[in-house]
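For reference, the structure discussed in these notes is given below.
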Amino acid sequence: MNRTTRWGDRGSYTLESLLCLMVLLPILGLMAAWGLAGVFDSSVDNAAAAAARAASQAPDADTASQRGRAAAEAALTQDKRNCTARHISIDTSGFSRPVGEPASVTATVTCTIPLDQLAVPGLPGTKTLTASSTSALDQYADRTE
């Protein structure tokens with residue numbers, strides 16, 4: 001009996017499956033990490049929008065800055081985003097414009113996340129996500145700088 005006929009392709013399916021799995025798992029992990037990075041990016045966008053909205057409703061620049069920072073922190077905390085470094089900047093220069101002139105407040109949120117927080121453990125490095133949002137001030141409300 002011929003040896004190739006006797007054994008045939010026995011066991012090759014297992015080997016092929018194992019090889020495919022070794023190639024596909026890292027690719028699937030990277031795709032999951034990419035998707036989660038998008039989710040984190042969306043959370044940073046939402047935090048910037050919440051900060052700008054809260055700041056634009058304040059009566060003065062100091063209160064606007066405090067409310068904006070608090071809103072951004074609350075949004076990031078609510079979404080359970082663990083930033084290793086975060087920076088929240090509120091531009092309240094619009095409060096110095098005279099009543100009757102259009103003005104706005106801009107919030108910028110920066111969040112640095114370690115890549116190993118994403119789907120692939122041991123992925124080296126960090127990713128810094130930044131988002132800005134602008135919200136108009138009431139054109140005819142009293143403003144104090």
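What follows draws every value from the coordinates through simple rules; no lab data is involved. In this text, all values refer to a predicted model and were calculated from it rather than measured experimentally. Counting neighbours? That spans all protein chains shown, and the Cβs are built from the backbone with ideal geometry, glycine included.
Partnerless cysteines in the chain, where a partner means another cysteine C-beta under 4.7 angstrom, comprise C20. Dipole magnitude for the chain: about 840 debye, using +1 per Lys or Arg Cβ and -1 per Asp or Glu Cβ, origin at the Cα centre. With K and R counted +1 and D and E -1, the other residues having a Cβ less than 12 Å from that of E73 yield a net charge of +3. Model label points for L28 and T77, set 7 angstrom from Cα along the Cα-to-Cβ axis, are 3.7 nm apart. Our estimate of slack between A85 and D138, defined as 0.36 nm per intervening residue step minus the Cα-Cα distance, is 15.8 nm. Quantify how much of the Cα-Cα distance distribution of region 3-136 extends past 22 Å, in percent. Cα-Cα pairs in region 3-136 separated by more than 22 Å: 53 percent. Protection proxy ranking, highest mean first, for peptides 53-62, 92-101: 53-62, 92-101, where packing is the per-residue count of other beta-carbon atoms within 10 Å, averaged. Working note: Karplus 6.51/-1.76/1.60 with θ = phi - 60° gives region 125-131 the couplings x, 9, 10, 9, 10, 10, 9 Hz, where Gly and Pro are set to x. Note on V39/E16: beta-carbon distance plugged into 1/(1 + (r/R0)^6) with R0 of 35 Å gives a FRET efficiency of 0.55.
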